[in-house]
Amino acid sequence: MSWTEMRPLLLDNTLDTLFMVWWSAFYAVLIGIPVGVLLHLTDRGAMLQNVVVNKVLGAIVNIGRSFPFLILIVVLIPFTRLVVGVSIGPTGAVVPLAIAAIPFFARLVEAALREVDHGLVEAAQAMGGGTWTIVFKVLLPQALPALVAAVTTTVITLIGYSAIAGAVGGGGLGNLAYTYGYQQYETSLMITTVVELIVLVTLVQLLGDLVVRRLAGRGSRGTSVRRVFGGSRRVRTEEPAPATSEAA
């Protein structure tokens, strides 16, 4: 197959892949952040400790993560058709992609929130900050670099999942590689598709790393807690230095 013949196929299927990844990542972030926050808040010793809610929600998340993606697509065919009206094509692939990504991203959010300095949370509580004020003014801003890294990891995972979805009728580069590269033995097209997927993953990783470095370099300790109270106080989370003894 010549480059002239491959070019429109690559363009159309690349746009389909970007469509699937964009919308599934959007819904994964939109739903995964609240789920991850709730998992963190209801854990033992957390602000809204609730063992029952935490265990039930954690079990649902674990079940969602345990499904092999290919089986998940098949299981969700009736639900996908109910939600978007079709079960194949890029639009139909968005539903299983999003459902696969939500529990994965939620666990990454929970892990990111655990890394926030607990001293900042205690300081905000001591200064009168409520639960949701602490979530939006302390936890999420302080965890922002880790959350961006989590989004990057999720998007890269979705690029791989989209190729699997394409092989079973979801469209995109996976469908192109399977239909032309595997079934019709178009080796050059197969290699080109693989290279394009590698380039996409590399670009996403580089962009994510750049944003994480910018956010990590811009952050300063105690900034989020000061914002809770209008920036008028400086919160110190380190232990005070011992007083020096007076000279005899």
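Only one residue of Ser188, Val56, Val201 has its Cα farthest out toward the positive end of the dipole of the chain, where Lys and Arg carry +1 and Asp and Glu -1 on Cβ, and that residue is Val56. Membrane-span-like helices in the chain (whole DSSP H runs, Cα extent of at least 18 Å along the helix axis, mean Kyte-Doolittle hydropathy of at least 1.0): 3-41, 51-66, 89-114, 144-165, 187-218.
Once the other residues with Cβ under 14 Å from the Cβ of Thr131 are scored (Lys, Arg +1; Asp, Glu -1), what is the net sum? Don't skip to the end; give the middle numbers.
Working: positive: Lys137; negative: Asp43, Glu122.
Residues close to Thr131 contribute a combined charge of -1.
A probe of 1.4 angstrom, applied to the heavy atoms of all protein chains, finds Val74 with accessible area near 90 square angstrom.
On full extension, the segment bounded by Val83 and Arg44 gains 10.4 nm, given 0.36 nm per residue less the C-alpha separation.
Placing +1 at every Lys and Arg Cβ and -1 at every Asp and Glu Cβ, with all other atoms neutral, what dipole size does the chain have around its Cα centre, in debye to the nearest 20? If you can, show how the numbers build up before the last one.
On the way: 17 positive and 14 negative charges, 151 e Å.
The dipole of the chain has a size of about 720 debye.
Over all other residues within a Cβ to Cβ distance under 11 Å of Gly32, the charged ones net out to 0, with Lys and Arg as +1 and Asp and Glu as -1. The H on the amide N of Glu186, modeled in the peptide plane, is under 5 Å from the matching H of Gly181, each at least 5 residues off or on a different chain.
Residue separation times 0.36 nm, minus the C-alpha to C-alpha distance between Ile60 and Leu207: what's the value? Could the numbers behind the result be given before it?
Values: separation 147, 0.36 × 147 = 52.92 nm, distance 3.16 nm.
Answer, rounded to one decimal: 49.8 nm.
Of the GluC sites (Glu not before Pro) in region 77-144, the ones in a loop by DSSP (not H, G, I, E or B) with at most 13 other beta carbons within 10 Å are Glu115. Once the gyration tensor of the Cα atoms in region 1-106 is diagonalised, the equivalent ellipsoid follows with semi-axes of 35, 15, 11 Å, ordered largest first.
Would you calculate a helix-derived [θ] at 222 nm for the chain, using -39,500 (n - 2.57) for each DSSP H run of n ≥ 4 and dividing by the full residue count, to the nearest 500?
Values: 11 runs with 174 residues, N = 248.
Computed mean residue ellipticity for the chain: -23000 deg cm²/dmol.
The values are calculated or read from the model by the stated rules, or taken from the named source; none is laboratory data. Treat the numbers as computed from the prediction; the structure is a model and nothing was measured. Counting neighbours? That spans all protein chains shown, and the Cβs are built from the backbone with ideal geometry, glycine included. Surface areas here come from the heavy atoms of the whole protein model, side chains and all, with no ligands, DNA or RNA. Shrake-Rupley method; radii C 1.70, N 1.55, O 1.52, S 1.80 Å.
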